Structure formats: structure tokens, C-alpha cells
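Worksheet: one structure, shown below.
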Amino acid sequence: PRILWSGLAHHPQEDTVYAANHAEGTVVAFKPSDGSIRGIVKVETAPYDLALSPDGGTLYCSNWASDTVSVIDTASLKVVATISVGDNPNDMVLTNDGRLFVACANDNSVVVIDTAKRRAVETIKTTMHPRAPEGSTPNALALDPEAETLFIANADNNNVCLVDIEEADESTVLGFLPAGWYPSAVAVGVDGKKLYIGNAKGIASAANEKGPNSPLADGSGRDQS
């Protein structure tokens, strides 16, 4: 089989890790202690991210190319529901009150799923202007410790969108934080006072073998571009 591992999730009580195989459209459950496979679940096309319910009983899988989220019962390792969301669903975060936030990269939105009802109940637009065309590319999510603020990385806008999610079904965009080139990961510090942003593009970490301080410098005095 082809293998392109994507999302990972660890069961909170059991010796089980779930891994999404983006290439095969499956989720593999295995024991990290000995590497043995518990089972393989067929989902939809190009699974991307995984999120587990707090009790470990339900696993959610975003399917990038199917515009859906698969709901998997972890005891039987079977898909028990499929929920339609926006275009190119990717990163997900789950709140303790049962809301699943799903970033949809190709339609400037985060879709909110009520996991009890197993359906989408709200769509949050992540653009700086309500009528902006597709192209913001929301692709990473994080919550503050109180689960009152959602942080959304808009990769192609080079910013992070802040959303007040304290009230269910009444999410409000608070504003935008500038980021580096193509932010693709966000994380909130344990104390909730710092936001860490991973930027996927740029030249800051590229090799500069012939720069002015290198023994290979060519004498031009210029950094490599």
C-alpha cells in the first residue's frame, strides 16, 4: 500500500495511536508499545487530520478531497457517520462542550460541527472582508485554555484570525494578527499568554553557503537570495 501519514491521535486511556494515511484513504489503529495493528478503517478521499473525543470513544477524521468529516467509533473501528463541511477540510479542534471546529482551506471558512447532532451548525468566515474571494487558506487552529478564543491561521493572508467562540452559534471575529509568510501552525502557551505561529515559507532558515561570513564567500559581499 502507499503510505503518506497525516494526522495522529493518541487514545487517552488505551495503548492505541490512530494515524491517517492520506494516500490510501484510511485510518490505521496500532499499538505503539509493540507496533501491532489493531485495525484499518476506510474513510473518504485524502484524510488529513484526526481529533478524539475526551473519553476516546469517538474519532473524527477530516477528509481533504471529499469535503467531509468521518465519525469513527473507536470500539468497533467503524465509520458511524459522515458529515459534510466546506472545501478542503484540514485542521480540527474539539471543545469540551462538544463543538468540533474544522478549518476549510479552499472556501475561507471554519465550519462548526455539533458532535451530538452530528451536523454542521455554523460557518465562520476568516477573511478580512466579508465578500473577499477564496484565497485566505485557513489551515491551522488553536484554542485558548478557557476555549473562549479560536485562533485561525490564514496561510495566504499571512495573518491569524481571532474569533470569540464563548457563545455557541454566535461566533464573532475579533480581528487579525500579522504573521510571517504562509502561517501553517498555531499553538497557545499553557498559561494562555503567548501565541506561537509556525510560518511555512520564507528564506530565514535557508542555507546561505556563500554569505559574507562564510569561508565559501565569493567576495561580492552579498547574501544569497
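The values are calculated or read from the model by the stated rules, or taken from the named source; none is laboratory data. The shown structure was predicted, so the numbers you read here are calculated from the model rather than taken from an experiment. Neighbour counts run over all protein chains shown; Cβ positions are idealised from the backbone, glycine included. We work out accessible area using only protein heavy atoms, side chains counted, and drop any ligands, DNA or RNA first. Shrake-Rupley method; radii C 1.70, N 1.55, O 1.52, S 1.80 Å.
Some observations on this one:
- Scanning the stretch 192-206 for residues that are modelled with pLDDT of 90 or more, exposed (fewer than 12 other Cβ atoms within 10 Å of the Cβ) and either assigned to a loop (DSSP other than H, G, I, E, B) or more than 19 Å from the chain's Cα centre (by Cα) (or both) yields K193, K194.
- Strands (runs of 3 or more DSSP E) contained entirely in the stretch 102-147, each with at least 3 residues that are open to solvent by 50 Å² or more (accessible area, probe 1.4 Å): 119-125
- The lone exception for E44 - which of (1) at pLDDT 95 or above; (2) out of contact with any Ser or Thr (no Cβ under 7 Å at 6 or more places or on another chain); (3) open to solvent by 60 Å² or more (accessible area, probe 1.4 Å); (4) not in a strand (DSSP E or B) it fails: (2)
- Screening N96 against (1) free of Cβ contacts under 8 Å to residues at least 40 places away in the same chain; (2) on the phi < 0 side of the Ramachandran plot; (3) part of a loop (DSSP other than H, G, I, E, B) leaves a single unmet condition, (1).
- Of the criteria (1) assigned to a strand (DSSP E or B); (2) open to solvent by less than 10 Å² (accessible area, probe 1.4 Å), which one G56 fails: (1)
- Restricting the stretch 162-184 to residues that are part of a strand (DSSP E or B) and among the small types (G, A, S), the residue that is surrounded by the fewest Cβ atoms within 10 Å (Cβ to Cβ) is G175.
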